[in-house]
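Engineer: Attaching a single structure in structure tokens format; questions to follow.
The values are calculated or read from the model by the stated rules, or taken from the named source; none is laboratory data. Given the structure is predicted, the values throughout are model-derived calculations rather than measurements. Cβ placement follows ideal geometry from the backbone for every residue including glycine, while neighbour counts extend to all protein chains displayed.
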Amino acid sequence: MEAIGLVRRFGEGETAVTAVAGVDLGFRRGEFVAVMGPSGSGKSTLMNLLAGLDTPTEGRVVVEGTDLSGLGDRQLTRLRRERVGFVFQAFNLMPALTAEQNVLLPLKLSGRRPDREFFDEIVRSLRLQDRLGHRPAELSGGQQQRVAIARALLARPAVVFADEPTGALDVSSGHEILGRLREAGTRLGQTVVMVTHDPVAATYADRVLLLSDGALHGTVERPTTRAVLAAMAGAEGA
Ligand SMILES: Nc1ncnc2c1ncn2[C@@H]1O[C@H](COP(=O)(O)OP(=O)(O)O)[C@@H](O)[C@H]1O
Ligand SMILES: [Mg+2]
């Protein structure tokens, strides 16, 4: 996945806001990247652009060789369903469906048959085998988030986007989720892009990107908590 000269402005004239101000990025296949930065620095806007949920004012996004700017609405919808997975802080599970039905829903919507062996493998690795018949209300926050991750991984998307995936979880569930996201990269070759405010969570990533006022302000490779904290302090002072 690549972002080339990415700019996103909202509004016009006096009240115009440049949320993303010229970002160039390349993501390696299987890479786990954390995106950090102060509130309002453009993290969510950047994720939405990369995921094809929003259209850049300038520049373009290329996912596995496909330039998103060349796609129509239907093709974009299809790309989002088949090549991209999402994990949100609020889980976004369907309350009336069981865990299993939630996990299978995106494939069902795109008319694809689930790979049963892969389904079993994901469910086992996320320790959900005893929870498949439960509805979200009957699951803990950590279990609900694991269902959301299973749902994102099952379609074997090229890229998984996670916006504060551990924000609502206790520390040990959070670490487990981060471990699984890491594994998605190392074992399944999926690229993972995660927004986080937590410098410890960021150390699970291969690389941390720091945003400040919509621009890339720094990068930390093979991050340690200390290096992330230092880079964050730098970005805030920008
Ligand atoms: N739909 C929108 N309309 C107008 N301004 C927006 C919109 N979305 C985001 N912004 C502005 O763009 C900037 C970046 O926002 P955002 O990407 O949500 O930052 P972050 O996720 O880092 O907190 C902020 O100034 C925000 O107010
Ligand atoms: Mg945000």
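Engineer: Could you give every pair whose Cβ atoms fall below 9 Å, whose first residue belongs to segment 156-173 and is without any contact (Cβ under 8 Å) to a residue 60 or more places away in the chain, and whose second residue is within 16 Å of ligand 2 (Cβ to nearest atom) and in a strand (DSSP E or B), counting only separations of at least 6 or pairs across chains?
Structural biologist: 166/194
Engineer: Also, quick follow-up: Hey, could you check segment 15-46 for residues that are among the aliphatic types (A, V, I, L, M) and more than 8 Å from ligand 1 (Cβ to nearest atom) and say which is farthest from residue 161 (Cα to Cα)? Even if it seems obvious, please write down each step before you answer.
Structural biologist: Within segment 15-46, the first condition is being among the aliphatic types (A, V, I, L, M), and the residues that meet it are 16-17, 19-21, 23, 25, 33-36, 46.
Narrowing the set further to residues that are more than 8 Å from ligand 1 (Cβ to nearest atom) leaves 16, 21, 23, 25, 33-36.
Numbers: 16: 27, 21: 21, 23: 18, 25: 15, 33: 10, 34: 10, 35: 11, 36: 14 Å.
Out of the qualifying residues, it is 16.
Engineer: Looking at segment 152-165, which of its residues are within 17 Å of residue 28 (Cβ to Cβ) and outside any strand (DSSP E or B)?
Structural biologist: Correct list: 157, 158.
Engineer: What single numbered condition from (1) within 16 Å of ligand 2 (Cβ to nearest atom); (2) in contact (Cβ under 8 Å) with a residue 12 or more places away in the chain; (3) of a type in the set (Gly, Ala, Ser) fails to hold for residue 39?
Structural biologist: So the condition that residue 39 fails would be (2).
Engineer: Which residue out of 112, 127 is surrounded by fewer than 19 Cβ atoms within 10 Å (Cβ to Cβ), out of contact with any Pro (no Cβ under 8 Å at 6 or more places or on another chain) and within 20 Å of residue 183 (Cβ to Cβ)? Let's see the steps before the verdict.
Structural biologist: Values: 112 fails: within 20 Å of residue 183 (Cβ to Cβ).
Sole residue among the options that is surrounded by fewer than 19 Cβ atoms within 10 Å (Cβ to Cβ), out of contact with any Pro (no Cβ under 8 Å at 6 or more places or on another chain) and within 20 Å of residue 183 (Cβ to Cβ): 127.
Engineer: Which of (1) closer than 30 Å to residue 213 by Cβ; (2) more than 16 Å from ligand 2 (Cβ to nearest atom) does residue 87 not meet, given it meets every other one?
Structural biologist: (2)
Engineer: Still on this structure, please answer the following. Does residue 31 satisfy the condition of being among the acidic types (Asp, Glu) and closer than 15 Å to residue 194 by Cβ?
Structural biologist: Numbers: among the acidic types (Asp, Glu): yes; closer than 15 Å to residue 194 by Cβ: yes.
Yes: the conditions hold for residue 31.
Engineer: Please go through segment 65-87 and pick out each residue that is crowded, with 16+ Cβ neighbours inside 10 Å and out of contact with any helix residue (DSSP H, G or I) (no Cβ under 8 Å at 6 or more places or on another chain).
Structural biologist: Within segment 65-87, 80, 82, 83, 84 meet the criteria.
Engineer: So, of the residues in segment 184-206 that are of a type in the set (Ser, Thr, Tyr) and more than 18 Å from residue 218 (Cβ to Cβ), which turns out to be modelled with the lowest pLDDT? Before the answer, list the steps.
Structural biologist: Of all residues in segment 184-206, those of a type in the set (Ser, Thr, Tyr) come to 186, 191, 196, 203-204.
Pick out the ones that are also more than 18 Å from residue 218 (Cβ to Cβ) and you get 186, 191, 204.
Values: 186: 85, 191: 94, 204: 96.
My answer is 186.
Engineer: Quick test of your reading of the structure: residue 56 fulfils all but one of (1) at pLDDT below 90; (2) crowded, with 18+ Cβ neighbours inside 10 Å. Name the failing condition by number.
Structural biologist: (1)
Engineer: Output the residue which, of all residues in segment 47-65 that are within 16 Å of residue 85 (Cβ to Cβ) and not aliphatic (A, V, I, L, M), is farthest from ligand 1 (Cβ to nearest atom).
Structural biologist: The qualifying residue farthest from ligand 1 (Cβ to nearest atom) is 64.
Engineer: Oh, and also: Going through 149, 122 one at a time, which residue ends up being assigned to a helix (DSSP H, G or I), surrounded by 18 or more Cβ atoms within 10 Å (Cβ to Cβ), out of contact with any Ser or Thr (no Cβ under 9 Å at 6 or more places or on another chain) and in contact (Cβ under 8 Å) with a residue 40 or more places away in the chain? It would help to see each step written out before you state the result.
Structural biologist: Numbers: 122 fails: in contact (Cβ under 8 Å) with a residue 40 or more places away in the chain.
Residue meeting the stated conditions: 149.
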